[in-house]
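Chemist: Input: one structure, supplied below.
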Amino acid sequence: MKTVVLGGYGNFGARICRALADSPDIELVIAGRDAKRATQLAAELGGRASAMRLDLSQPDLTEVLRNIGAQLVIHTAGPFQQQSYTVPLAVAAAGAHYIDLADGRRFVCDFPQALDAAFRKNGRIAITGASTVPALSSAVVTQLSERWRSLDSIDICIAPAQTAPRGIATMAAVLDYCGAPIQVWQDGKWVTRHGWADLTRIHFARLRPRIGALCDIPDLELFPLHYTGLRSTMFRAALEIGLSQRALAAMAWLRKTGFINRPERFAGLLNRTANGLDFLGSALGGMVVRVAGTDANGRPVRRAWHIAADDDHGPEIPCMAAILLARRLAQNTLPGAGAYTSVGQLNLSDFAPEFAKWCMLTDIVEET
């Protein structure tokens, strides 16, 4: 399967390319606006990949993809918060499958309705949000609540390592909703909160406690629809350096009160500032997913899944779902044509070999 990775030399794209380069069923093409960087990565992979210059905004994107024989396109060039569906529509018209790492709430949540007809018409599959959220997060929730009578609440927190590589696109995505109003499902109704506000102390199995703040991600909207009877869902991010977390909270307050707008403009500056604080942090990051509900015997139960990633391997996690799904497409083992979110596409056990590859440790804890 000829697989084109858009943004293939970026923070996440390069990791996906390295993982797929050894797949016998995949012919890899590293694509992006910088032909030199694409060529350098292709050379690093030892001839197992080719490179090409490709701009997502070029009007002949469909023709280019069709002419090179693209069978799968993996879109990693974020941020997705402000993107339209131009790229997936071009992929559908070119007759190729599509996977992306999108974390933009509207992009992911509206994706099936907007694109299902286009991909179904050509007999192709499109999956959005093939990343930590909602692909891995939904796999964890389903595993933790298996055979329960009811699932009442889901509470997730990602805790990145301070020294892990960061991209400006990731920083821009974070700042896009900093201080913006966010609809959150709480106690069976939608309430308004603000991004990166309401600081809360979060505990982890193998990390020190951190301060977490609300993030706007697709899970907040998808989970109340997917898990029947769910009463509350929450998603936070907890930076390792408390100063950084409080700085984002301050920026959220400034946006909320109207002192600044479009904080994503400061992505480059804040990314450089964060790099200057690396000496205060570590290479250890992780994630926790907590669920509460009623077990098969009718008893209240609370359970948590933790993962710890050391040696700055944390950024491998957002790439795993796309890697797994690409391999399945190459082996023709995914469901029928159409456009889908990544919710329920993978089981937690599917991720286990990837966790082991990077020496990541997981724990399931029964909580009170």
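The values are calculated or read from the model by the stated rules, or taken from the named source; none is laboratory data. Quick caveat, the model's predicted, so the values are computed rather than measured. Please note: Cβ atoms are built from the backbone with ideal geometry, for glycine as well, and neighbour counts cover all protein chains shown. Note: areas computed on protein heavy atoms with side chains; ligands, DNA, RNA excluded. Shrake-Rupley method; radii C 1.70, N 1.55, O 1.52, S 1.80 Å.
Chemist: What number comes out for accessible area per residue over segment 188-340 if the probe is 1.4 Å? Units Å², please.
Modeler: 46 Å²
Chemist: Something else about it: Using a Gaussian network for the chain with springs between C-alpha atoms less than 10 Å apart, which of these wobbles most: A114, A173, A49?
Modeler: Of A114, A173, A49, the most mobile in the Gaussian network model is A114.
Chemist: What number comes out for the charge environment of I182, summing +1 per Lys or Arg and -1 per Asp or Glu over other residues with Cβ under 13 Å away?
Modeler: +1
Chemist: Using the alpha-carbon centroid of each, what span in Å lies between segment 222-271 and segment 315-368?
Modeler: 25 Å
Chemist: Most mobile of L325, L144, L243 per a Gaussian network model of the chain (Cα springs, under 10 Å)?
Modeler: L243
Chemist: Let me ask something else. Given a cut-off of 31 Å, name the pairs among K2/K357; K36/K121; K2/K121; K36/K256 whose C-alpha atoms lie farther apart than that in the structure shown.
Modeler: K36/K121; K36/K256
Chemist: On to the next question. Classify segment 106-176 as rounded, prolate or oblate, taking a ≥ b ≥ c as the square roots of the eigenvalues of its Cα gyration tensor: rounded when a/c is under 1.5, otherwise prolate if a/b is larger than b/c and oblate if not.
Modeler: Note, shape of segment 106-176 comes out oblate.
Chemist: Whole number in Å², please: accessible area per residue of segment 1-102, 1.4 Å probe, ligands, DNA and RNA not counted.
Modeler: Result: 41 Å² per residue.
Chemist: Report, in order of residue number, the helices in the chain meeting two criteria: a C-alpha extent of 20 Å or more along the helix axis, and a mean Kyte-Doolittle hydropathy of at least -1.0; treat each whole DSSP H run as one helix.
Modeler: Correct list, ordered by number: 242-256, 317-330.
Chemist: Taking only the alpha-carbon positions of segment 15-128 and ignoring solvent, what does the Debye formula give for the base-10 log of I(q)/I(0) at q = 0.12, 0.17 Å⁻¹?
Modeler: Treating every Cα as an identical point scatterer, log10 I(q)/I(0) equals -0.43, -0.86.
Chemist: For the chain, with all protein chains present and a 1.4 Å probe, just round the carbon and sulfur fraction of the accessible area to a whole percent.
Modeler: Carbon and sulfur together cover 51 percent of it.
Chemist: Work out the length of the dipole vector of segment 138-227 about its Cα centre, built from +1 on the beta-carbon of each Lys and Arg and -1 on the beta-carbon of each Asp and Glu, and round it to the nearest 20 debye.
Modeler: 400 debye
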